[in-house]
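The values are calculated or read from the model by the stated rules, or taken from the named source; none is laboratory data. Quick caveat, the model's predicted, so the values are computed rather than measured. With ideal geometry, Cβ positions are generated from the backbone for all residues, glycine too; neighbour counts draw on all protein chains shown.
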Amino acid sequence: MTSIQLVRLMNREDRKVADAVRRELPSIARAVDAIETGMRKGGRLIYVGAGSSGRIGVLDASECPSTFGTPPSLVRALIAGGKKAVTQPVEGAEDRRERAAEDLKKLHLTPNDSVVGIAASGTTPYVLAAIGYANKKRAFTVGLTANRKSPLVRAANISITPDVGPEVLTGSTRLKTGTSQKMVLNMLSTGVMVRLGHAYENLMIDLGQTNAKLKDRAKRILEEASGKSASAAEHALRQSNNDLRVALVMLKRGVSASEARRLLNESEGSLRRALKE
């Protein structure tokens, strides 16, 4: 194939991914509801995978603090072989069943936690052992796999099985399968965080302001959410010590920073209640 023929083929195949995920939406929604329920009781979301699947879990978990302002402990990711496996293969790591239980034990798993096992084949020993251990601890379990007849489907409380068909490069599940996994994890984490109130309308109200670009984005979010001018948004952010929630209550309720904090405390952190919306 020429280069243009190759990329056209890949693009044509990639179009199948969204449809495959669409067919799994009822299962994804049930998983979102269950994970949300657990988190409201103090639980966490924990991804478990090996190789490409593990790296996709690490990516989604690592993006939650900056996107939703959540502590790094709320959404975790375990990858067979540990941190080294994020950037390079670790020989035999996915076959070490005993390491899965050890890794989860270190997290002190509880019945309120949710464990999502990610494995294209649905047969990865590390992932299966993790789901088995989580089941014993009565945690909620999800199996994300391309194989509907796999042991992972049978082991998990809910299975999500996007059937994307054969890969362009046979067996390279970092392609369509990996894309489908990324889409599903996006839905799980975003869906749960929105349900928990970490967004205002479609805005990242709990955005982590860790650099100049994100601080500027926070100001623009506040302008859009409040309908106020840039100067008013900047003033509210200064008065609130760059707390977007406090600043929004200040602008929409016309109150001071201390009064805005009091309203948020009385509403147990519910921005909608604090705003009387």
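On the basis of being among the hydrophobic types (A, V, I, L, M, F, W, C) and within 29 Å of Ala218 (Cα to Cα), does Leu74 make the cut?
Spelling it out, Leu74 is indeed among the hydrophobic types (A, V, I, L, M, F, W, C) and within 29 Å of Ala218 (Cα to Cα).
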Original post:
Any idea which of Ala233, Ala155, Ala139 is buried (at least 18 other Cβ atoms within 10 Å of the Cβ), assigned by TED's automatic domain parsing to the domain that holds Glu268 and not acidic (Asp, Glu)?
Top reply: Ala233
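Per-residue answers, yes or no, for (1) crowded, with 18+ Cβ neighbours inside 10 Å; (2) within 26 Å of Ser62 (Cβ to Cβ); (3) free of Cβ contacts under 8 Å to residues at least 60 places away in the same chain:
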| position | (1), (2), (3) |
| --- | --- |
| Glu201 | no, yes, yes |
| Leu207 | yes, yes, no |
| Arg217 | no, yes, yes |
| Arg220 | no, yes, yes |
| Glu224 | no, no, yes |
| Ser229 | no, no, yes |
| Ser240 | yes, no, yes |
Original post:
Scanning the range 1-34 for residues that are assigned by TED's automatic domain parsing to the domain that holds Ala146 and not in a helix (DSSP H, G or I), which turns out farthest from Val116 (Cα to Cα)?
Top reply: Arg23
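Considering only helices (runs of 4 or more DSSP H) fully contained in the range 201-255, which possess at least 2 residues that are modelled with pLDDT under 95 and among the aromatic types (Phe, Trp, Tyr)?
Filter on the range 201-255 gives an empty set.
Okay, residues lined up against (1) free of Cβ contacts under 8 Å to residues at least 40 places away in the same chain; (2) touching a Lys or Arg at 6+ places or on another chain (Cβ under 9 Å); (3) closer than 30 Å to Lys106 by Cα:
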| residue | (1), (2), (3) |
| --- | --- |
| Arg23 | no, no, no |
| Glu36 | no, yes, yes |
| Lys41 | no, no, yes |
| Leu59 | no, yes, yes |
Original post:
In the range 35-52, what residues are part of a helix (DSSP H, G or I) and more than 14 Å from the chain's Cα centre (by Cα)?
Top reply: Thr37, Gly38, Arg40, Gly51, Ser52
**OP:** Inspect the range 68-76 for any residue being farther than 19 Å from Ala119 by Cα, polar (S, T, N, Q) and surrounded by fewer than 15 Cβ atoms within 10 Å (Cβ to Cβ) and give the result as yes or no.
**Re:** yes
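Does Ser53 satisfy the criteria of being out of contact with any Ser or Thr (no Cβ under 6 Å at 6 or more places or on another chain), buried (at least 21 other Cβ atoms within 10 Å of the Cβ), of a type in the set (Ser, Thr, Tyr) and touching a residue at least 60 places away in the same chain (Cβ under 8 Å)?
Here the answer is yes, as Ser53 does meet what is asked.
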Original post:
What number of residues within the range 61-89 are touching a strand residue (DSSP E or B) at 6+ places or on another chain (Cβ under 9 Å) and among the β-branched types (Val, Ile, Thr)?
Top reply: 3
Subject >> Test result for Tyr133, among the aromatic types (Phe, Trp, Tyr) and closer than 20 Å to Ser121 by Cα >> reply: yes
